[in-house]
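The block underneath contains the structure these notes are about, expressed in structure tokens.
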Amino acid sequence: PALDSSHSLDTARATMRETFGYPDFRPGQDEVIAAVLGGRDVLAVMPTGAGKSMCYQLPALVREGLTVVVSPLIALMRDQVAQLRTNGVAAGALNSANDQEENDRVRDALRTGALQLLYISPERLVNNGTAEWLARSGARLLAIDEAHCVSQWGHDFRPEYAALGDVRRRLGDIQTIALTATADIATRGDIAGQLFTQEPTTFVHGFDRPNLYLAMEPRTDRSRQILRFLEKHRGESGIVYCASRKATETLAQTLSDKGVTALAYHAGIESQERSRRQDRFLREDGIVMVATVAFGMGIDKPDVRFVVHAALPKSIEAYYQEIGRAGRDGAPADTLTLYGLEDIRLRRTQIEESNASDEQKRIERQRLDALVSLCEAPQCRRQTLLSYFGESAEPCGHCDLCLGGVTRFDATIEAQKILSAIARTGERFGAEHIVAILVGEESEQVRRHGHHGLKTFGVGKDRPKQAWRSLMRQIYAAGLVQIAIDDHGRWRITERGDAVLRGRERITLRSDVLESGKSGKGTKE
Ligand code: ADP
Ligand code: ZN
């Protein structure tokens, strides 16, 4: 029977204070822990540093029985076990790095029921008989760390993780909590489908970084735009991300010529020099690091005041991670992303020319579309960003879109044209097909499906394809359509889209981004 979870949450809080010395839960931890204590299967999506481990460690401490923790990184596993032991928790690990003595100790502790937490590598856990043996040892909760590794759609697929759904059944379908820091909605659905037999209680928490100002603009003159931005940040430390090593060198030079203390940083710089530059950035104030994305990981400088992307980041996840390096001290920090059609074209070419499977390429294309939708978002940028992570929010009031500076028009008619093309083709087609119908292009596919006979065929002749693509990304960002990730990127109309299609609601979209599309005319995008 489920315990009274508010009562047991108090117990958990007291145990946390006693064992770890933390005065209170971090945002999000309490709801997840309460759900676990209430006996539910849980999928928790929380950013790095949010304190995900506590979400299964505390239930392991306050309840009877063994908690089995699957974690892909042996080094992290060792750290956690050592830390838990220091705090007096009965924890152990089974992985290939153990010596025989350690293995025997862990097995003894398991036999006598003395162990509270067992960390185990997925390779070990999927071994014949291991799950059954752990079930007999009283396993009660399965915690799966870095759960996005089960999904081919995630960015870190690990084949060993694919067997974990089966392992869970072999453990006797025990209660399971899956945790990850990076799961867009598609990846999340995949995790839930693979690891759980029933829909888990899902928590998405804490992706908002309210102290970050968000802005994106089309790139017209890179150096001028960045210099103008830097004028607002004299004497402050920040990072400017570039797409290539060469670009970091040339931009650092240009900025230096204008009196900015700028240093280039990329993996091609000799390592001693690289760490010298990194040290300067950490120690001195007012250094602008002009870097590739190689810079930043593991760098803990709380007072980075700005992050600029001189080119489109790789994905929304990458964007979020990279801007997240600013303002860790919680004080206001500024971000700016410059994007151009060349960036989009380049990324698309990289995707097409990669060795990835067709399935993977399609996912990457959709990721890119989502990112471009963020660039052209018709309303609050933070709302669009957070909705990508499955979090809902009110307009933030301090992004470029909330504060104006873009031009808009009543696009209800345009949206209705798109939506009606989607509806009349049975919500079974992707963006390019819809665009072809709108502009009245008799493509091979259009003819094959007889779509040149539709009433909507050619209703969008007045605008170039590029403008329609932008409008489609915007209505996607505004939540009028959903893109099915699992079957050919089909566009489906949401409830809100239906309201616009039927004229019950009007929609305002941006016109400024339609014009910038002109330069892309005649190019394949
Ligand atoms: P994540 O896995 O989400 O990246 P961790 O579980 O590694 O995060 O936790 C990050 C750090 O925060 C750890 O040092 C952990 O001990 C600490 N921590 C966790 N919960 C709390 C809390 N409630 N109060 C203070 N520190 C906490
Ligand atoms: Zn906003």
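Residues in region 124-133 carry Karplus couplings, in order, of 5, 5, 7, 3, 3, x, 4, 4, 4, 5 Hz; the curve used is 6.51 cos²θ - 1.76 cosθ + 1.60 with θ = phi - 60°, and Gly or Pro positions show x. Relative to the longest principal axis of the C-alpha atoms of the chain, give the angle of the C-alpha long axis of helix 412-424, reported between 0 and 90° and rounded to the nearest 10°. Roughly 70 degrees between the two axes. Amide H contacts for Glu217 (H built 1.01 Å from N in the peptide plane; partners 5 or more residues away or on another chain; cut-off under 5 Å): Thr337, Leu338, Tyr339.
Rounded, prolate or oblate for region 242-350? Axes are the square roots of the Cα gyration tensor eigenvalues, ordered a ≥ b ≥ c, and the cut-off for rounded is a/c under 1.5. Judged from the Cα gyration tensor, region 242-350 comes out oblate (a/c at least 1.5, b/c at or above a/b).
Charge dipole (Cα centre; +1 on Lys/Arg Cβ, -1 on Asp/Glu Cβ; no other charges) of the chain amounts to roughly 1280 debye. Normalised by the number of residues in region 72-231, the average gap of Cα pairs under 8 Å and 6 or more apart makes the relative contact order 17 percent. Given Cα pairs under 8 Å that are at least 6 residues apart, what percent is the relative contact order of region 240-292? Value for region 240-292: 51 percent. With 26 Å as the limit, the listed pairs Lys232/Lys465; Lys52/Lys232; Lys232/Lys301 have Lys232/Lys465; Lys52/Lys232 beyond it between alpha carbons.
Under 1.5 on a/c is rounded, so check that first for region 1-139, then, if it is not, pick prolate when a/b is larger than b/c and oblate when it is not; a ≥ b ≥ c are the square roots of the alpha carbon gyration tensor eigenvalues. Mind dumping the intermediate values first?
Values: a/c = 1.70, a/b = 1.54, b/c = 1.11.
It comes out prolate by the Cα gyration axes.
Look at where the Cα atoms of region 106-137 and of region 70-85 average out, and the two centres are 15 Å apart. Relative to the longest principal axis of the Cα atoms of the chain, the long axis of helix 341-353 lies at roughly 60 degrees. Centre-to-centre, using Cα atoms only, region 90-105 and region 284-317 are separated by 39 Å.
Spin-label model, Lys361 to Arg136: label points 7 Å out along the Cα-to-beta-carbon direction sit 5.0 nm apart.
Three semi-axes describe the equivalent ellipsoid of the chain; taken as square roots of 5 times the Cα gyration tensor eigenvalues and ordered largest first, they are 43, 31, 21 Å. Expressed to the nearest 5 percent, the antiparallel share of DSSP beta bridges inside the chain is 10 percent. The shape of region 130-208 comes out prolate: with a ≥ b ≥ c from the C-alpha gyration tensor, a/c is at least 1.5 and a/b beats b/c.
For Leu480, nonlocal amide neighbours, meaning residues 5 or more places apart or on other chains whose placed amide H falls under 5 Å from its own, do not occur. Relative protection proxy for 106-118, 140-152, from highest mean packing down: 140-152, 106-118 (other beta-carbon atoms within 10 angstrom).
Every number in this text was worked out from the coordinates using simple rules, so none of it is lab data. Quick caveat, the model's predicted, so the values are computed rather than measured. Here Cβ is always computed from backbone atoms with ideal geometry, including for glycine, and neighbour counts include all displayed protein chains.
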